[in-house]
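Here the structure is laid out as structure tokens; the discussion comes afterwards.
The values are calculated or read from the model by the stated rules, or taken from the named source; none is laboratory data. On a predicted model such as this, the values are computed, not experimentally measured, just so you know. Positions of Cβ are generated from backbone atoms using ideal geometry, with glycine treated the same way; all protein chains shown enter the neighbour counts.
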């Protein structure tokens, strides 16, 4: 291992932060969703990096489950987005504020 | 066991008339009620004459209350003091029951009447015979209850219902004092048993003793209608007249006097209390007598007269002349019951009219009633040889001797003055009622026999009752009680002769004044003095408006302002504050997902920061 | 293994509720009879427990213990001693009467009503019988649910407000109590050896500042329930709006949960704090006595008057509980029962009138005694019991409380005696306005003499009034040993 | 594999991932974001290979790149999605707050990384990370979560079908 694990971690953190910025700044629901995927991936990277560091399999197993969940999430999430677009004809999540108190 | 039977018979009568009275013939109801008390009288007579009665006769019944160190054993106690009382209660009670048969013959509620009356007799006997102060208190409150029920007997009339309520509440005020006194006694002496109280009286610290006796005396002022708690008794005249005779003249109202006599070991050791008792008694006697001067309602005249006479009894209790007080209690029971029954006979004849301005000229049609009334009146005024003379004279004599020139002499003078006023007002009442000219158009008819023979019996007692305490007759009753109370008669300082002549002279003077002032049924206008007296020395407005009115107002203010606005307002205010807080916090809920996300991020940063800087 | 009397007692009403729930909705009569039978069966068991109870024994009797959640030290632990016995009996006596009183007045949703009442009974009995704090808490809060429905579904015109207020008030108190229970549990020993068992917790000495806080949390829950002035404002609304049976149970039994809590939990668990705060409670009690009396006087609604009078009466009970003398505690316990009988009776009386005219306002009545003479007699007796006339039950309790409190603090008693006067004032005031005077009821033909069913409700009450008034020994004897032991416990931790 | 080559590969993959990340967040067109996401995913797959996780890398390519991104593209085309951000934002200061908070967040993570003492990298066998290796763990120790995951998938599919149905009033 010539590249130290912390490098991977720092990279992961940077990717995560980018995802965060995407969620906070963008209004397009699809882009926000992609930013969330970005964050999930950065976390996956962390898991794999730790799995390598400790030489255990659990990290990789976790990544497997994360992927499964991510797949489901994308399927459900996208169908929700489609449903919203059908009824409100918008992709801007700022227009979706029915829960305003 | 006979002692229990004395109470059991009236109780039985109460249950019988109360539960089944509606199914009995009207006449039977009265007979059952009278018989119950009659039997009770016979047993009492028998019990009193038994030889072992020289010693107090105690009948323990059962342990009533036992909690912690406090134990009350209920039992009955017959001694010289209670002997006198049970004879008066059952004897006079019996006569008045019989009288009531005729008096209440027309009333459909007679079963209720007789059951109440029997319950009263039973309660009064319990009061008299109770060997524990707490048992006495049971009787004490129960007679108050009966008084309430009987004053408000014609409850459809608002005045009667209100009078009953007033009687109960005013008595309750006194009883609160009684209750406190009893508790203080139980705490200091450790017992409420009358026998033991006597034994331990000497060991109670004087301040506590004074407090106990004063508190108990508050109770007595309520029950016996003394200043300042006298106001209920005149109103109590709303009840049927035999009730006024039995409860509000002869028996119940004397309970306060009896209680002091019962607890004489306490009261005779409390100098200050004795002074208070004597002063209140003398003041009440004079005060009530003056008010009686201006009353137009015949029964109210008699009511104030009762208050006044009870004042004499308290005066006697205060100057340690307890035998004299008990003697006056007895004779008063006779002649005041007689007066009331005579008044009842007048009402009966006049279809309920009792305002003296609308009577008059009744001497001819109601000859028997008039003579009965006059006998009672002479006894009340204190004219020898009627019973009232001997007892009243004895009280005044003892007060004079006790005073020995001191401050008590003032009380004695009040007593003598009262005697004068008494003679005046009773003369006025007699003239207004019986002397011509008549002020009505009714053809009155004399009472039925069931009503007049009890009057006759009481008239005999009012004439001859003085023998119980007359010097010439050997004072059988007073002598016996003298021993009981452990008193030595003031033999050494025998009353001077002028004193013995003074009281009859004053009485005769009063009668003369009354006769000349009111002859021909003249109505005298006393001007401002009259108003002053009619307003009961301004005590009545004080009570009704200042005290009762303001108390009610306080209740209203508490119920409306304090309860609803302040306390419930605070509660609802808390609720409202929660709602307001929610309303303002609601704005944080913008509905923008990105706001929430930013908030989550900020929270995460803060958490990590806290973890780092920990 | 002896017969599990207490479990039988506890679950008989619940079984009755299940049976009722299985009955068809239309079969109102069968539902009523089943409900009554279940509550009468419970009364029978309670009577057996009462008779077989060994007086002179301070400890728990008829104890039953079964593991519930062993990991957390929670168990199903029930038992009865001299302090809970009178209240258990009271609950068992009042419930059949309450069901009888609703025989004709509740005509809608009879099934739900009966189920609610029976569940309520189990919850109430459980509150008095539990010896495990978690079990106690479960029953304590379980009481709220049926009571909420009873007020909210069968109540008067402002029932929603009243039910909501009732539940919020009492929940506020009990939430804090739960925190205190858990905190007490954590104090009870090292991890693994902790317990929610009351008998074990009594020996845990909680250090002082914490003890005062825990005392406060428990006391608040109980004080709201009693209710101690000034936490009483839920009570007039709840009592006034509840149906007759609800008011009766509320007044007769529910309020006792608070005063019972004083004796069962505050005194033994927090003796130091109890002594420290006793004067505060005594002052609040005296204020409540006078305040409740004065406010009752100014009411125009009969139920509200009776409800406010409860504040006054419960003031006496509270005063007795915190006087910490044997007489006062005995009196307090007795007065809990007395108040249940007399105030329950007063609510039943109002219910009888309400069934006829559908009015609770005194102004709508007058001269009822002329129309209903037998009712007048019953009303007089119950009124006298409520104002503690000697010879009735109320006097014995009140006198013992005043006597016991006088031993430690005469000044409170001097003021409390004012309540004795006020009770006569407001009760006679109400009695006169309703029963006396000229007849002025609105629907005169409907104001008929009480039926024999209604009379049947009052007969047991009247018997108890005179029975306890003249011979209180059966109750006093059974409670004496437990009360003494309780006070010794409080004194031992000085 | 020599150290230098590894470093070069890491650097290239990292640069690709970061570039892709910026592309996802900053692209005006959603299609570009999706393609940038694809770049990130591929770069991460390379990283997984470097970290001895060939199985995970394979899954990454198949599931993420092959399935998820394609789904995104389908939806984008289905909806003719524009960025939808022509109008000015309703939320004032959101952008500034986002950057400040994100910077703070990143700084905090780095600080955490600095404070944690790094454990030595363990030596691993050649089979580490292979399909057999991970699959063995999945079907033995983690068989229950594995089965649960399949349940979740089914539920997700059903949910998608239900939600995606035309809105019927």
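Brief remarks follow.
- When we screen D:89, D:43, D:102, D:33 for residues that are assigned to a loop (DSSP other than H, G, I, E, B) and either within 9 Å of another protein chain (Cβ to nearest Cβ) or farther than 22 Å from residue B:593 by Cβ (or both), the only hit is D:89.
- Test: residue in the stretch C:256-277 that is within 23 Å of residue C:198 (Cα to Cα) and not in a helix (DSSP H, G or I): yes
- All positions within the stretch A:14-31 that are facing chain D (nearest Cβ under 7 Å), farther than 14 Å from residue D:47 by Cβ and part of a helix (DSSP H, G or I): A:17, A:18, A:20, A:21, A:22, A:24, A:25, A:30, A:31
- The set of residues in the stretch B:167-190 being more than 7 Å from chain C (Cβ to nearest Cβ) and closer than 21 Å to residue B:151 by Cα consists of B:167, B:170, B:171, B:174, B:175.
- Qualifying positions in the stretch B:345-358 - assigned to a helix (DSSP H, G or I) and either in contact with a helix residue (DSSP H, G or I) (Cβ under 9 Å, 6 or more places away or on another chain) or crowded, with 24+ Cβ neighbours inside 10 Å (or both): B:345, B:346, B:347, B:348, B:349, B:356, B:357
- For the stretch C:434-453, residues that are in a helix (DSSP H, G or I) and either surrounded by fewer than 22 Cβ atoms within 10 Å (Cβ to Cβ) or at pLDDT 90 or above (or both) total 5.
- Scanning the stretch B:77-84 finds one or more residues that are over 21 Å from residue B:242 (Cα atoms), touching a residue at least 12 places away in the same chain (Cβ under 8 Å) and assigned to a strand (DSSP E or B).
- Whichever residue in the stretch D:147-164 is over 16 Å from residue A:81 (Cα atoms) and touching a helix residue (DSSP H, G or I) at 6+ places or on another chain (Cβ under 8 Å) and, among such residues, is surrounded by the fewest Cβ atoms within 10 Å (Cβ to Cβ): D:155
- Residue that is nearest to residue B:263 (Cα to Cα) [pool: residues in the stretch B:137-161 that are touching a residue at least 12 places away in the same chain (Cβ under 8 Å), part of a helix (DSSP H, G or I) and at the interface with chain C (Cβ under 7 Å from one of its Cβ atoms)]: B:137
- Flag for residue B:329 being touching a residue at least 60 places away in the same chain (Cβ under 8 Å) and either part of a helix (DSSP H, G or I) or more than 26 Å from residue B:229 (Cβ to Cβ) (or both): yes
- Residue within the stretch C:480-488 that is at pLDDT below 90, closer than 29 Å to residue B:168 by Cβ and within 13 Å of chain B (Cβ to nearest Cβ) present: no
- Selected residue (criterion: nearest to the other protein chains (Cβ to nearest Cβ)) from residues of the stretch D:129-142 that are over 20 Å from residue A:12 (Cβ atoms) and outside any helix (DSSP H, G or I): D:142
- Which listed residue is more than 16 Å from residue C:97 (Cα to Cα), out of contact with any strand residue (DSSP E or B) (no Cβ under 9 Å at 6 or more places or on another chain) and either crowded, with 18+ Cβ neighbours inside 10 Å or touching a residue at least 40 places away in the same chain (Cβ under 8 Å) (or both), from C:23, C:43: C:23
- So residue B:122, is it without any contact (Cβ under 8 Å) to a residue 60 or more places away in the chain and either in contact with a helix residue (DSSP H, G or I) (Cβ under 9 Å, 6 or more places away or on another chain) or within 11 Å of chain C (Cβ to nearest Cβ) (or both): no
- Considering residues of the stretch A:32-74 that are facing chain D (nearest Cβ under 8 Å) and outside any helix (DSSP H, G or I) only, the residue nearest to residue A:19 (Cα to Cα): A:57
- Which numbered condition residue D:113 fails, given (1) under 22 Å from the mean Cα position of the chain (by Cα); (2) within 10 Å of chain A (Cβ to nearest Cβ); (3) farther than 20 Å from residue A:19 by Cα: (3)
- The criterion of at least 3 residues that are away from chain A (no Cβ under 14 Å), modelled with pLDDT of 85 or more and closer than 30 Å to residue D:101 by Cα is met by the following helices (runs of 4 or more DSSP H) wholly inside the stretch B:501-614: B:593-613.
- Within the stretch A:81-101, being crowded, with 16+ Cβ neighbours inside 10 Å, assigned to a helix (DSSP H, G or I) and within 14 Å of chain B (Cβ to nearest Cβ) holds for A:81, A:84, A:93, A:94, A:95.
- The single residue among B:303, B:342, B:320, B:333 that is surrounded by 24 or more Cβ atoms within 10 Å (Cβ to Cβ) and over 17 Å from the mean Cα position of the chain (by Cα) turns out to be B:342.
- For the stretch A:1-13, the candidate set comprises residues that are within 7 Å of chain D (Cβ to nearest Cβ) and assigned to a loop (DSSP other than H, G, I, E, B); within that set, the residue that is surrounded by the most Cβ atoms within 10 Å (Cβ to Cβ) is A:3.
- Considering D:28, D:19, D:12, the condition of being outside any helix (DSSP H, G or I), within 21 Å of the chain's Cα centre (by Cα) and surrounded by fewer than 18 Cβ atoms within 10 Å (Cβ to Cβ) is satisfied by D:28 alone.
- Boolean, residue D:156 is facing another protein chain (nearest Cβ under 7 Å), without any contact (Cβ under 8 Å) to a residue 24 or more places away in the chain and assigned to a helix (DSSP H, G or I): yes
- Any hit, the stretch B:544-567, residues being closer than 20 Å to residue B:307 by Cα and free of Cβ contacts under 8 Å to residues at least 12 places away in the same chain: yes
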